[in-house]
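The values are calculated or read from the model by the stated rules, or taken from the named source; none is laboratory data. The shown structure was predicted, so the numbers you read here are calculated from the model rather than taken from an experiment. In this analysis, Cβ positions are derived from the backbone assuming ideal geometry, glycine residues included, and neighbour counts consider all displayed protein chains. For the accessible areas, the whole protein counts, side chains as well, though only heavy atoms, and no ligand, DNA or RNA atoms are used. Shrake-Rupley method; radii C 1.70, N 1.55, O 1.52, S 1.80 Å.
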Amino acid sequence: MALDHNVLVCAPTGSGKTVVGEMAVAAALETGGRAFYTAPIKALSNQKFNDLRGVLGDERVGLLTGDHSINPDAPVVVMTTEVLRNMVYARSAALERLRWVVLDEVHFLQDAYRGPVWEEVLIHTPASVRFACLSATVSNSAELGGWIESLRGPTTTVVEHRRPVELSSAMLVGDRQSEVDHLVPLLVDGKPNPRGDRFDGDRTGKQQPGRRPRQRRRFRTPRRLEVIDRLGEEDLLPSINFIFSRAGCDDAAAAALDSGVRLTTRDEAAEVRSILERHVAPLADADLAVLEFGRFSETLERGLAAHHAGMVPAFREAVEECFVKGLTKVVFATETLALGINMPARSVVIERLTKFTGDGHDMLTPAQFTQLTGRAGRRGIDDHGTAIVLWSPFIAFAPVAELAASREFPLTSVFKPTYNMAVNLVAQYPREEAREVLRRSFAQYQADEAASGERRALQHRRDELAAARDGLEAIEGVSADEAAAFADLAAEEQRQRSHRDRGRNAIENSLANLRPGDVLERPGSEGSRLVVVVSSTERKKSVRVDTVTPRGKLVRINGRDEDRPVEACGTVQLPVPYVPNDPEFRKQAAASLRRVNRKRLQPPSRRADADEATQRWHAAREALEVHPLAAHPQSAEILGLARAHNKATRAIGTAERQLARRGADLGSRLDAVVGILTELGHLDGWELTAEGGRLRRIYHECDLLASLCIGAGLFEDLDAAEMASLVSCLTHEHRSADPPPPPRLPKRDLQTRFAEMARLHRRLAGLEKAAGLNPTREPSAGFAWPALRWCSGQGLESSLEEDMSGGDFVRNARQLIDVLRQVAEVTAGPTSVAAREASDLLRRDVVDNSGLERDDSSSDNDGVAAGPGVEP
């Protein structure tokens, strides 16, 4: 690795790309400099912190996340990416000896909310710093490397597609006609298994109403306990079973426990107990009882576990340690476990290939599928790993196999100016330089790359237009503009003919849908009259329907004679036996028709006349035929050239509009953000106000709303518990698909302040909507009571809300601690004191336990708020 080059490594999970990051750390230390190692989530930061301490020693490695600050002045500091971004914006003194930054999991830059942080770090970090960017395999690695080189200087891009441990993929299919379920390879010689489609015969969608239920399917989705048994038989344990639901993970672990599954020996169970006791030692017995520690312990000792963000960190970390040591054989996990945590398995099971996104269920992308299956195969232990997808009646075999075979994982930037980014740009750059900074983003780089292709296509279209125009003007007596109008008339004639044909098809279809016994209302010599359908015949291009009138007269209806679709307005019972050609049958049908009560019939709905469509077509055809060029001896050639002329003209207009949008998107968004900040008093022209200076130091999804609340004095004159309760309304997010309940706060004064917070949000959201920006999410009071109770010293049992897990409580409390610390930094006097006290009161017992040491004396670094780190 050249020490004067940046490096980008794109390689599969488990391929050893972290070695490159460790080389960058070593290079920094050799020159007497510092190295920062960043990770996207706190769990990865904690894991890397422990790994590096094991290599370099405790004194040379520090940790900075939203929760912890350990030895922050060490030569090597592990941190979340947000912490580094905040340091860069604050121009922290900690950057002075910085030589190398390792950006782990850099493909996170396409994360919808947090992705821009990676780009901000690469854009704003001092030019003297080199970067080692580590990423999963992406199909546009050359593009990503090209952007980094354009931004940071010479960059070496290393791409590796091979896995160090071979991976095979299979589908497990339950079979009611076989004692053994089928374990079918998804791929054969790298291509979809041709035998796989034999399992598609039982696939079905939703049962159609009114139809008889289908016979019981032969194939089915294997049950979870059956999957565990099969994995044991195939020597595929330990295994990670991915279930995209916390409740599903808990239910699976509980069902396995209740069924008596035991996958550990007596000695292994004893070791599990020892590990678990060490992790939960700081927790109070009362809290452990609330968390159902006894049942969790029994499950883990049997070699089973759930793993998700709803668990308290002590439980989750115990699961991770037991799994790494081979003591936990089956983990039921959400997809967050795939985000780089070092928990490889011999096999991975994916129960479903669809995930609920909040708006519906989406199929996994190839990148997501690869991220999940990348956990299969332990380097240095297994010869190969196995990824298993469970059969589903809703997804055919071929798409599953194509997903396993896909190698297309393009990385797309989601970079966009935020309020915090905008005030930092204003503080550090003149207006035009700030716009230039945006143009250095990966989003703009990708837009420019796409634009270069579009410019080539645009030039091709312009060449086509010139050729068509030259061809037209070479014909004597013809101008390009006159020919273009001629082509427009021809297009209109074709369009009206199509409308006419669709109208005729609608008539024919309506006749074909009539059934014997249907009653029609028909015009007659004495007003409307009724007829009853007795038979219909489909011919090559038309449908003929035979009807009888109340007087028994036979009336034949042909589609070509109708001017609108035909609808039945009722039905009658026809005579039996059904012999429509028998005069006696028709006579009896007429008698049935005479007994019909007209008042109970529904008149047919009126539709557009087919005659009107025909008339419009005749008018368009006449306009075309009287055009001067219609009689030209070269009219066919003229029409062909004119059509090419018009097509190229339309394509040029579309391409020019797309290019204009590509160049203006980021700048336009910055203008919109600046406009809102100006309207709300955070900017004065291109200058920060005091409010704008405050916003510079607030790093949160609701940053501007938080600043508005501070400016409105909503956090003044509150004690610590009240402060935590009200600030939690900014950090808590209602995640259920159901609408949130009415806000419920502990005190009347807090309710009044929350109402003012909601009013400020409505004003902000209105400005955002008018500017075409996505609105800031609404404040939520869902954590207001738990925050107040916990800060008041109450225990976990009384602090938890209904349906709130211990892990959710800890996650919400830690996010609240982050923002409270920021509020303390940007306010003064009693407000700052109350915010800091609230932060300290929250950090106790289960909230403060993470398996890491703490250094309270250095909780801040150069006055830079640590900013959010995200729990998985």
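Dipole magnitude of the stretch 44-178 about its Cα centre, charges +1 at Lys/Arg Cβ and -1 at Asp/Glu Cβ only, in debye to the nearest 20?
On the way: 13 positive and 17 negative charges, 40 e Å.
Using Cβ point charges on Lys, Arg, Asp and Glu, the stretch 44-178 gives about 200 debye.
Per residue, how many Å² of accessible area does the chain show with a 1.4 Å probe? Kindly include the intermediate steps, with their values, before the conclusion.
Working: 40640 Å² over 872 residues.
Per-residue value: 47 Å².
Please compute the Kirkwood hydrodynamic radius over the stretch 66-200, one decimal place, Å, based on all pairs of different Cα atoms. Mind showing how you got there, number by number?
Numbers: mean 1/r = 0.0530 Å⁻¹.
By the Kirkwood definition, the hydrodynamic radius is 18.9 Å.
Could you compute Rg(Cα) / (2.2 N^0.38 Å) for the stretch 269-419, with N its residue count?
It is 1.23.
Give me P(r) over the stretch 25-106, computed from all C-alpha to C-alpha distances, binned every 5 Å, as integer percentages.
Result returned by the calculation: 3, 17, 29, 30, 17, 4, 0.
Report D for the stretch 669-762 in µm² per second (integer): Stokes-Einstein, Kirkwood Rh on Cα pairs, 10 °C, 1.306 mPa s. Could you put the intermediate results ahead of the total?
Numbers: Rh = 14.7 Å.
It comes out at roughly 108 µm²/s.
Specify which residue in the list SER92, SER168, TRP118 is farthest towards the positive end of the charge dipole of the chain, using unit charges on the beta carbon of Lys, Arg (+1) and Asp, Glu (-1), about the Cα centre.
Working it through, the farthest residue towards the positive pole turns out to be SER168.
Could you please report the charge total around ALA644, scoring K, R as +1 and D, E as -1 over all other residues with beta-carbon less than 12 angstrom from its beta-carbon?
Numbers: positive: ARG461, ARG469, ARG643, LYS647, ARG650; negative: ASP463, GLU464, ASP470, GLU637.
Result for the neighbourhood of ALA644: +1.
Tell me the net charge near ALA480. Cut-off is 11 Å between Cβ atoms, ALA480 excluded, with +1 for each Lys or Arg and -1 for each Asp or Glu. Mind dumping the intermediate values first?
Numbers: positive: ARG469; negative: ASP470, GLU473, ASP481, GLU482.
That works out to -3.
How big, in percent, is the set of alpha carbon pairs in the stretch 762-830 lying more than 14 Å apart? Display every interim value, and only then the final one.
On the way: 1628 of 2346 pairs.
Result: 69 percent of Cα pairs exceed 14 Å.
Are any of the pairs LYS17/LYS416; LYS191/LYS325; LYS416/LYS769 more than 25 Å apart by Cα-Cα distance, and if so, which? Intermediate values should be presented prior to the final figure.
Details: LYS17/LYS416 29 Å; LYS191/LYS325 36 Å; LYS416/LYS769 16 Å.
Flagged as over cut-off: LYS17/LYS416; LYS191/LYS325.
Could you put VAL833, VAL165 in order of accessible surface area, largest first, with the 1.4 Å probe and the full protein assembly present? Display every interim value, and only then the final one.
Numbers: VAL833 95, VAL165 10 Å².
My answer, sorted largest first, is VAL833, VAL165.
Bin all alpha-carbon pair distances of the stretch 543-596 at 10 Å intervals from 0 and give each bin's fraction as a whole percent.
Going from the shortest bin to the longest, the percentages are 22, 51, 26, 1.
So, in nm, how far is label ASP448 from label ALA512 when the simple model puts each one 7 Å beyond its Cα toward the Cβ?
5.7
Leaving out ligands, DNA and RNA but keeping every protein chain, what accessible area does THR18 have, in Å² rounded to the nearest 10, with a 1.4 Å probe?
We get 50 Å² for THR18.
Of the accessible area of the stretch 395-469, with the probe set at 1.4 angstrom, what percent is carbon plus sulfur?
Solvent-exposed carbon and sulfur of the stretch 395-469 make up 51 percent of the total.
For the stretch 347-419, what number results from the quotient of the Cα radius of gyration and 2.2 N^0.38 Å?
Compactness ratio reported: 1.35.
By Kyte-Doolittle mean hydropathy of at least -1.0 and Cα axial length of at least 24 Å, which whole DSSP H helices of the chain are selected? Before the final figure, lay out each step's value.
On the way: long enough: 442-473 (46 Å, -1.09); 480-512 (48 Å, -1.06); 635-679 (61 Å, -0.08); 748-771 (35 Å, -0.66); 806-826 (30 Å, 0.00).
In the chain, the long hydrophobic H runs are 635-679, 748-771, 806-826.
Using +1 on the beta carbon of Lys and Arg, -1 on that of Asp and Glu, and nothing else charged, what's the dipole of the stretch 1-120 about the Cα centre, debye to 20?
On the way: 11 positive and 15 negative charges, 12 e Å.
For this selection, approximately 60 debye.
With +1 on each Lys and Arg Cβ and -1 on each Asp and Glu Cβ, and nothing else charged, work out how big the dipole of the chain is about its Cα centre, in Debye to the nearest 20.
Values: 114 positive and 125 negative charges, 923 e Å.
Around 4440 debye, computed over the chain.
Pulled fully out, how much extra length does the chain show between GLN177 and GLN459, if you take 0.36 nm times their separation in residues and subtract their Cα-Cα distance?
Details: separation 282, 0.36 × 282 = 101.52 nm, distance 6.29 nm.
Using 0.36 nm per residue and subtracting the Cα-Cα distance, I get 95.2 nm.
Measure off 7 Å from each Cα along the Cα-to-Cβ vector at GLU234 and THR537, then give the distance between these two points in nanometres to one decimal.
6.2
Kirkwood hydrodynamic radius of the stretch 366-469 from all distinct Cα pairs, in Å? Walk me through the numbers before you get to the answer.
On the way: mean 1/r = 0.0521 Å⁻¹.
One over the average 1/r among Cα pairs gives 19.2 Å for the stretch 366-469.
Report the label-to-label distance for THR571 and ASP684 in nanometres (one decimal), using points 7 Å from each Cα along the Cα→Cβ vector.
Each label point is offset 7 Å from its Cα along the Cβ direction, giving 7.9 nm.
What does the charge count near PRO12 come to, summing +1 for each Lys or Arg and -1 for each Asp or Glu among other residues with Cβ under 15 Å from its Cβ? Don't skip to the end; give the middle numbers.
Numbers: positive: LYS17, ARG162, ARG163, ARG375, ARG378, ARG379, ARG407; negative: ASP104, GLU105, GLU160, GLU166, ASP382, GLU408.
Charge balance in the 15 Å sphere: +1.
Given the options SER178, GLY766, MET79, identify the residue whose Cα lies farthest towards the positive end of the charge dipole of the chain (+1 on Cβ of Lys, Arg; -1 on Cβ of Asp, Glu).
So the residue furthest toward the plus end is SER178.
Can you list which of the chymotrypsin sites (Phe, Trp or Tyr not before Pro) found in the stretch 624-732 are DSSP loop residues with at most 15 other C-beta atoms within 10 Å?
Qualifying residues, ordered by number: TRP686.
Average the reciprocal distances over every distinct pair of alpha-carbons in the chain, invert the result, and give the Kirkwood radius in Å. Provide the component values of the computation, followed by the final result.
On the way: mean 1/r = 0.0305 Å⁻¹.
Result for the chain, one decimal place: 32.8 Å.
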